[in-house]
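The values are calculated or read from the model by the stated rules, or taken from the named source; none is laboratory data. Note that the structure is predicted; figures quoted are calculated from it, not measured. Every residue, glycine as well, gets a Cβ built from its backbone with ideal geometry; the counts of neighbours run over all protein chains shown. SASA here: full protein model, heavy atoms, side chains in, ligands and nucleic acids out. Shrake-Rupley method; radii C 1.70, N 1.55, O 1.52, S 1.80 Å.
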2 protein chains.
Amino acid sequence: MTQENFRRRYESIRRRTDRRLERVRPAPGARRLREGCRYVLDGGGKRVRAVLVILSCESVGGKASRALDAAAAVEILHNFTLVHDDIMDNADARRGRPTVHRKWSVNDALLAGDTLLGAAYEALLETTGSAHRRLAGVLTQGLLDVCEGQSLDLEFEERTDVSVKEYFHMTGKKTGALIATATELGAIVGGGTPSRVAALRRFGLRLGRAFQVQDDLLDIAGDAHDFGKTIGGDILEGKKTYLLLRAAERAEGEDRKLIERILRKEGQALGWKTGDGAVTPSGSAVIAQMKELYARYGVLEDAGKVVERTTNEAMSQLGRLPRTAAREMLRALAEELAHRES
Amino acid sequence: MTQENFRRRYESIRRRTDRRLERVRPAPGARRLREGCRYVLDGGGKRVRAVLVILSCESVGGKASRALDAAAAVEILHNFTLVHDDIMDNADARRGRPTVHRKWSVNDALLAGDTLLGAAYEALLETTGSAHRRLAGVLTQGLLDVCEGQSLDLEFEERTDVSVKEYFHMTGKKTGALIATATELGAIVGGGTPSRVAALRRFGLRLGRAFQVQDDLLDIAGDAHDFGKTIGGDILEGKKTYLLLRAAERAEGEDRKLIERILRKEGQALGWKTGDGAVTPSGSAVIAQMKELYARYGVLEDAGKVVERTTNEAMSQLGRLPRTAAREMLRALAEELAHRES
């Protein structure tokens, strides 16, 4: 599949999803709530999860049109998590715009999230067919997993002894679960056999893991302009990324001391950022030191291998599916996500 | 039906619901989240909505055991709304215990609410039978209505010109919708005919309205000890109750000026409460004045009539059901709620 064919098909699915999302009309009788929800849904994004629902449906022989409601449901559920996570992280911006709680208020964002959750189920239940119990069960499990992952993430923030194993467990819930929800729902709607549904779920879980580690890598390797956030931001915030936790296992002496300062989130006290979030010269020095440290302990190389290996594990699941254009699209999408630079 | 029989049967259903709720195990892998959710579910309460689900099921000929999952679902959904509403209202206590966001944090309460929502769907989907799409649709509509009602309530807080009609619209969503969700779900699970399902939904809506106006009345008429909150608290907070809005329509001169001060929430500036929420002598004077004003303009009498009339409207819906013990229980429960003193 050529890059151009991939891009064209991806955009076509993304546009279809956007049109389906335009039909979502939450809280018709409450102006502010309705505006908050529409603000979120109109905020764009790559709609990766929706595209995964539709391609998974097609890859087991289903029609894309049957999967549109489920695709919208997963995308709305994803947006619900962003709205509530942004409250919890006290984030100011998302996709280049103020977050909902900044633009309105925490209360409005809380309610917009809750409403989006209702809208996700509403969209899912519009799916034709008779698998609603199963579909709603998968969406619900996705919701419960995401909440559990987010809660573990909050617990981890207060700890300095998180292991790489715990990291994978947490991100598997926080990031992987929703991607697996997408591929599983698509496979069910498409009428996939149990073994194909299971294969597509595993594909989603492995893809989610590759996606997350690549995300961690991009924090220090990405292009600041494209990525829209500070290079090294995770380091200054003491975020427990794959890189930091793997380095913590290996580092000794002065290296170890620096990592512990980061794990204890001493950046603020040590003036690594100004009040409005700009990186100070001492912050830049820490990022440079950590980048060098990551390279020296082989952590960057190691992370690259994890991305490569889990992407391959994901791909191998696709071998259980018939040869179709949709399967090639899933393969190309996995490649794209593993090698993305923003 | 004797009061004793009613009480015995009610307690039996409540205990069954509590046992079903004990089986709910949210967030098994995240300790703090799991504890937060269990704290909410173990907090007791009258379980009115769960009892309504089960009685509605029985009143159309279904077995109580088939409605237990739906009863748990509605009760969990109700508890989700309490956790998130308490965040929005910045409430310190609920059922005599600290609220979740006080005991843990706002982030923990936010996530506990989201998780409970997932647990509600999970419980509902355990219902035997084949009506899951319809059941999940009714639960989802209940969720969306409650969010819309809560958002309107927040909008009303910033306005001084809310009409009684708008009040009924808002509380119909915020309070009535979930009670109607309970009776409708019970009727569906019980295999009720479309006209009986519709009758039980209307029963729930009218009951919800009576319940809300009685709640407003109890703020100034209730026994402070039993009710567990300050008598006249709604007045000092400028809450747009039926009483205040009806009085605002009728009052003139000095009476009107006092009501406008309350509608503009000037209580804090005028020192009606101390910093820790105790009522000051000037606050007590305002409550006494308002009580007299409500009586003089016939607002108390009027509210009593609304409770009476809407309870009767609710009861009349029961005439569409066969004569059963469950129907008599619903009638007795409606009586009980309309005349409750706490």
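Which pairs do you get when a residue that is over 13 Å from A:G192 (Cα atoms), found in segment A:41-66, comes within reach of a residue that is at pLDDT 95 or above and among the aromatic types (F, W, Y), reach meaning Cβ atoms under 8 angstrom, with the pair 6+ apart or on two chains?
A:V51/A:Y10
Taking the condition at pLDDT below 90 and surrounded by 12 or more Cβ atoms within 10 Å (Cβ to Cβ), does A:G233 pass?
Spelling it out, A:G233 is indeed at pLDDT below 90 and surrounded by 12 or more Cβ atoms within 10 Å (Cβ to Cβ).
Report whether or not B:L33 is crowded, with 24+ Cβ neighbours inside 10 Å and either free of Cβ contacts under 8 Å to residues at least 60 places away in the same chain or farther than 23 Å from B:L135 by Cβ (or both).
So B:L33 fits the description; yes.
For the condition assigned to a helix (DSSP H, G or I) and small (G, A, S), what is the one hit in B:A303, B:A269?
Going through B:A303, B:A269 in turn, the sole match is B:A303.
Condition check ((1) at the interface with another protein chain (Cβ under 8 Å from one of its Cβ atoms); (2) at negative phi; (3) surrounded by fewer than 24 Cβ atoms within 10 Å (Cβ to Cβ); (4) more than 16 Å from the chain's Cα centre (by Cα)) across all residues:
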{"position": "B:A112", "(1), (2), (3), (4)": "no, yes, no, yes"}
{"position": "B:T115", "(1), (2), (3), (4)": "yes, yes, no, yes"}
{"position": "B:A119", "(1), (2), (3), (4)": "yes, yes, no, yes"}
{"position": "B:E126", "(1), (2), (3), (4)": "no, yes, yes, yes"}
{"position": "B:L135", "(1), (2), (3), (4)": "no, yes, no, yes"}
{"position": "B:L143", "(1), (2), (3), (4)": "yes, yes, no, no"}
{"position": "B:V146", "(1), (2), (3), (4)": "no, yes, no, no"}
{"position": "B:S151", "(1), (2), (3), (4)": "yes, yes, no, no"}
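Could you grab me the full set of residues in segment A:40-67 that are open to solvent by 30 Å² or more (accessible area, probe 1.4 Å) and more than 23 Å from A:C147 (Cα to Cα)?
A:D42, A:E58, A:G61, A:K63, A:S65, A:R66
Among the listed residues A:E301, A:E292, A:E308, A:E341, which satisfies the condition of being touching an Asp or Glu at 6+ places or on another chain (Cβ under 7 Å) and charged (D, E, K, R)?
A:E341
Give segment B:1-29 a look and list any residue that's modelled with pLDDT of 95 or more and farther than 21 Å from B:A334 by Cα, or say none.
Answer for segment B:1-29, where residues must be modelled with pLDDT of 95 or more and farther than 21 Å from B:A334 by Cα: B:D18, B:R19, B:R20, B:L21, B:E22, B:R23, B:V24.
Got a number for residues in segment B:199-214 being free of Cβ contacts under 8 Å to residues at least 40 places away in the same chain and farther than 19 Å from B:G186 by Cβ?
0
Could you tell me whether segment B:63-74 includes any residue that is in contact with a Phe, Trp or Tyr (Cβ under 9 Å, 6 or more places away or on another chain) and in a helix (DSSP H, G or I)?
Yes, the conditions are met somewhere in segment B:63-74.
Here are some conditions: (1) assigned to a helix (DSSP H, G or I); (2) buried (at least 18 other Cβ atoms within 10 Å of the Cβ). B:E155 meets all but one. Which one does it not meet?
All conditions pass for B:E155, except number (2).
Contact list please: Cβ distance under 9 Å, first residue in segment A:321-341 and closer than 25 Å to A:K305 by Cβ, second residue exposed (fewer than 14 other Cβ atoms within 10 Å of the Cβ) and of a type in the set (D, E, K, R), pairs at least six apart or on different chains.
A:E341/A:D223; A:E341/A:D226
Quick one: A:E11 ticks every box in (1) open to solvent by less than 80 Å² (accessible area, probe 1.4 Å); (2) of a type in the set (D, E); (3) within 16 Å of A:A120 (Cβ to Cβ) bar one, so which box is it?
(3)
If you go through segment A:77-88 one residue at a time, do you hit one that is at pLDDT 95 or above, open to solvent by 30 Å² or more (accessible area, probe 1.4 Å) and assigned to a helix (DSSP H, G or I)?
no
Give me a count of the residues in segment B:194-214 that are open to solvent by less than 40 Å² (accessible area, probe 1.4 Å) and over 12 Å from B:R320 (Cα atoms).
7
Considering only segment B:323-335, I want to know if a residue exists there that is open to solvent by 70 Å² or more (accessible area, probe 1.4 Å), among the basic types (K, R) and assigned to a helix (DSSP H, G or I).
The answer is yes; a qualifying residue exists.
Could we say that B:A288 is in a helix (DSSP H, G or I) and either surrounded by fewer than 18 Cβ atoms within 10 Å (Cβ to Cβ) or among the β-branched types (V, I, T) (or both) here?
yes
Return yes or no: is A:T181 of a type in the set (V, I, T) and either within 11 Å of chain B (Cβ to nearest Cβ) or surrounded by fewer than 19 Cβ atoms within 10 Å (Cβ to Cβ) (or both)?
No: the conditions fail for A:T181.
Pull out all pairs, ordered by first then second residue, where Cβ-Cβ is under 6 Å, the residues are six or more apart or on different chains, the first lies in segment B:72-90 and is at positive phi and among the hydrophobic types (A, V, I, L, M, F, W, C), and the second is modelled with pLDDT of 95 or more and not in a helix (DSSP H, G or I).
none
Any residue in segment A:237-259 that is surrounded by 14 or more Cβ atoms within 10 Å (Cβ to Cβ) and polar (S, T, N, Q)?
yes
Please identify the pairs in which a residue from segment B:284-300 that is more than 13 Å from B:D255 (Cβ to Cβ) has its Cβ atom under 8 Å from the Cβ atom of a residue that is among the aromatic types (F, W, Y), counting only partners at least 6 apart or on another chain.
Final answer for the pair search is B:L300/B:Y294.
Among what's in segment B:272-285 and is among the hydrophobic types (A, V, I, L, M, F, W, C) and either in a loop (DSSP other than H, G, I, E, B) or at positive phi (or both), pick the residue that is least open to solvent (accessible area, probe 1.4 Å).
Selected residue: B:W272.
Specify the residue that is nearest to A:I235 (Cα to Cα); the eligible residues are those in segment A:258-284 that are of a type in the set (A, V, I, L, M) and out of contact with any Phe, Trp or Tyr (no Cβ under 9 Å at 6 or more places or on another chain).
Top of the filtered list is A:I262.
Which residues, counting only those in segment A:13-49, are under 16 Å from A:L77 (Cβ atoms), assigned to a helix (DSSP H, G or I) and either of a type in the set (K, R) or at the interface with chain B (Cβ under 10 Å from one of its Cβ atoms) (or both)?
Those that are under 16 Å from A:L77 (Cβ atoms), assigned to a helix (DSSP H, G or I) and either of a type in the set (K, R) or at the interface with chain B (Cβ under 10 Å from one of its Cβ atoms) (or both): A:R20, A:C37, A:R49.
Using the structure shown, decide if B:R102 is free of Cβ contacts under 8 Å to residues at least 60 places away in the same chain, part of a helix (DSSP H, G or I) and open to solvent by 10 Å² or more (accessible area, probe 1.4 Å).
yes
Filter segment A:158-178 for residues that are of a type in the set (G, A, S) and open to solvent by 20 Å² or more (accessible area, probe 1.4 Å); which is nearest to the other protein chains (Cβ to nearest Cβ)?
Here the answer is A:G172.
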